[in-house]
Amino acid sequence: MIFKNKIILGIDTSCYTTSIAAINLDKEIIINKKKMLKVKHGNRGLRQSDAFFQHTNNLGDMFGDLKSSIKDYDIVGVCVSSRPRSIEGSYMPVFSCGYKFAKTISAILNSKLYETSHQECHIEAAFYDTNMDKDRFLCIHMSGGTTEILLVNRNLDGYDIEIVGATKDISAGQLIDRVGVKLGYEFPCGKYLDQNALKCDADVQYLKLSSREGYINFSGVENQIFSMIDDYSKEYISKVTLNSILDSIYKSVLYLSDKYNIKDVLFVGGVSSSEYISSNMINKLNNYKINAFFTKPSFAKDNAIGTGIIGVNRFLSEV
C-alpha cells in the first residue's frame, strides 16, 4: 500500500464554517479548505435553515474546485462530523448537510464512510498540531456555541469524554459576539476584540464573575459590560470582556485540575485562537505547574483536519 497516494476526505459543516480536508495515510495534510458562512451586518448569528442552505452551495463549489488537486490521489474513505458531540441525542441540522454530502461521495467512489463528532474533530486537530503526548487530560472547548470543560481519555478507538464543567447560559463565543456587534463590528467578532485587547495598556476593572466548581454564568458579565459600553473605549471594553472569560475559565481549570489530579490542559475552539487569552492563560497556569496547550488559529477554529485524521485512524485500524 502506498500511503502517500491514498487519502481520506474530511468534511465538517458547523454553524458558521464549511470545511473540507484531505489527509493521506501518513497523516500529512494534502488539502485544508474552509469557507465562512455569510451573516448579515448587525446580526448575531444564522438560523439553521439559512446555514444549511449555504453549506449545500459551499460543498458543491468547494468540491468542484478540489477535483483537480486530488485527481492523482486515491480516495479510500470519507469521514464526516455528523453531530455536535459524541453523546446520545446530540443533533444539529447543519451537520446533516455534511453527512448527506459525505454519504453521497462515498457511495459514488465506493469508499469507506466514517462518522465522528464536531467536538472530537476539534480535539483531534489540536492534538495533531500541538504534538501533545498525553492520554488523559482536560480539554477546554470554547467556541461560538459551546463552552465546555471535558475530562478526556484517549484510546485506540478515539476518545472517552465526560463533561465536568461548562457555561450554564451563554457561551464564551456568544459573549464575545454580542459585545462585538454592540460595538459595531462584523460577526464573528473575536478577531476585533482580540486586537483591541492586545493594544489596550490600561489597567481595566475586573467584573463580578460567576464561576463555581467548573460551571460558569456569563449573562451577568454581559449585563455589566453593556452598562459600561457608552463610557469606555472599544479597546477597554474588549479587554474587560476577554479578561472576564480568561479569569472564569482559569478558576474552573484550577478547581478541576486539583479535583482530577491532572496537569495538562488542551484548549480548542475558535475562542482559544485569541492571542490575548492564550498568552495570559499560559502564564497564569504555569504558576501552578499546569501545562496549557494551545494550537495555531487555523487548527483551533472550525476545520475538517481533525475529521480527516480520525478517518485515517479508523481506516488504518481496519487494514
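The values are calculated or read from the model by the stated rules, or taken from the named source; none is laboratory data. Computed from a predicted structure; not experimentally measured. Here the Cβ positions follow ideal geometry from the backbone for every residue, glycine too, while neighbour counts run over all protein chains shown. Remember, those area values only see protein heavy atoms, side chains included, never the ligands or the DNA or RNA. Shrake-Rupley method; radii C 1.70, N 1.55, O 1.52, S 1.80 Å.
Per-structure values
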item: Members of the range 106-116 found to be part of a helix (DSSP H, G or I) and open to solvent by 20 Å² or more (accessible area, probe 1.4 Å), listed by number; result: ALA107, ILE108, LEU109
item: Strands (runs of 3 or more DSSP E) contained in the range 1-61 and holding at least 1 residues open to solvent by less than 70 Å² (accessible area, probe 1.4 Å) and either basic (Lys, Arg) or in contact with a Gly (Cβ under 6 Å, 6 or more places away or on another chain) (or both); result: 6-13, 17-24
item: Residue match in the range 117-128 (condition: in a loop (DSSP other than H, G, I, E, B), open to solvent by less than 50 Å² (accessible area, probe 1.4 Å) and not basic (Lys, Arg)); result: no
item: Residue identified as part of a loop (DSSP other than H, G, I, E, B), open to solvent by less than 60 Å² (accessible area, probe 1.4 Å) and either free of Cβ contacts under 8 Å to residues at least 40 places away in the same chain or touching a His at 6+ places or on another chain (Cβ under 9 Å) (or both) among SER86, SER90, SER81, SER68; result: SER90
item: Checking GLY190 against (1) under 17 Å from the mean Cα position of the chain (by Cα); (2) open to solvent by less than 30 Å² (accessible area, probe 1.4 Å), the condition it does not meet; result: (2)
item: Residues that are under 21 Å from GLN48 (Cα atoms), touching a Ser or Thr at 6+ places or on another chain (Cβ under 6 Å) and outside any loop (DSSP other than H, G, I, E, B), drawn from the range 142-199; result: MET142, THR147, ALA172, GLY173
item: Subset of the range 91-119 (residues that are farther than 18 Å from GLY60 by Cα and hydrophobic (A, V, I, L, M, F, W, C)); result: MET92, LEU113
item: Single residue of the range 234-254 satisfying the filter (hydrophobic (A, V, I, L, M, F, W, C) and touching a residue at least 40 places away in the same chain (Cβ under 8 Å)) that is nearest to LYS208 (Cα to Cα); result: ILE245
item: Filtered residues of the range 165-199 (kept if without any contact (Cβ under 8 Å) to a residue 24 or more places away in the chain and under 18 Å from PHE267 (Cα atoms)); result: LYS191
item: Filtered residues of the range 247-277 (kept if of a type in the set (Gly, Ala, Ser) and either surrounded by fewer than 18 Cβ atoms within 10 Å (Cβ to Cβ) or closer than 13 Å to LYS301 by Cβ (or both)); result: GLY269, GLY270, SER272, SER273, SER274
item: Number of the condition not met by ILE8 [criteria: (1) under 19 Å from the mean Cα position of the chain (by Cα); (2) within 16 Å of TYR99 (Cα to Cα)]; result: (1)
item: Condition check for SER244: hydroxyl-bearing (Ser, Thr, Tyr), over 16 Å from the mean Cα position of the chain (by Cα) and either on the phi > 0 side of the Ramachandran plot or open to solvent by less than 10 Å² (accessible area, probe 1.4 Å) (or both); result: yes
item: Test: ILE290 is more than 18 Å from the chain's Cα centre (by Cα), crowded, with 18+ Cβ neighbours inside 10 Å and either at pLDDT 95 or above or closer than 21 Å to HIS141 by Cα (or both); result: yes
item: First in the range 299-319 and at positive phi, second anywhere and outside any helix (DSSP H, G or I), Cβ under 7 Å, 6 or more apart; result: none
item: Tally of residues being closer than 14 Å to VAL265 by Cα, surrounded by fewer than 16 Cβ atoms within 10 Å (Cβ to Cβ) and modelled with pLDDT under 95 across the range 135-164; result: 1
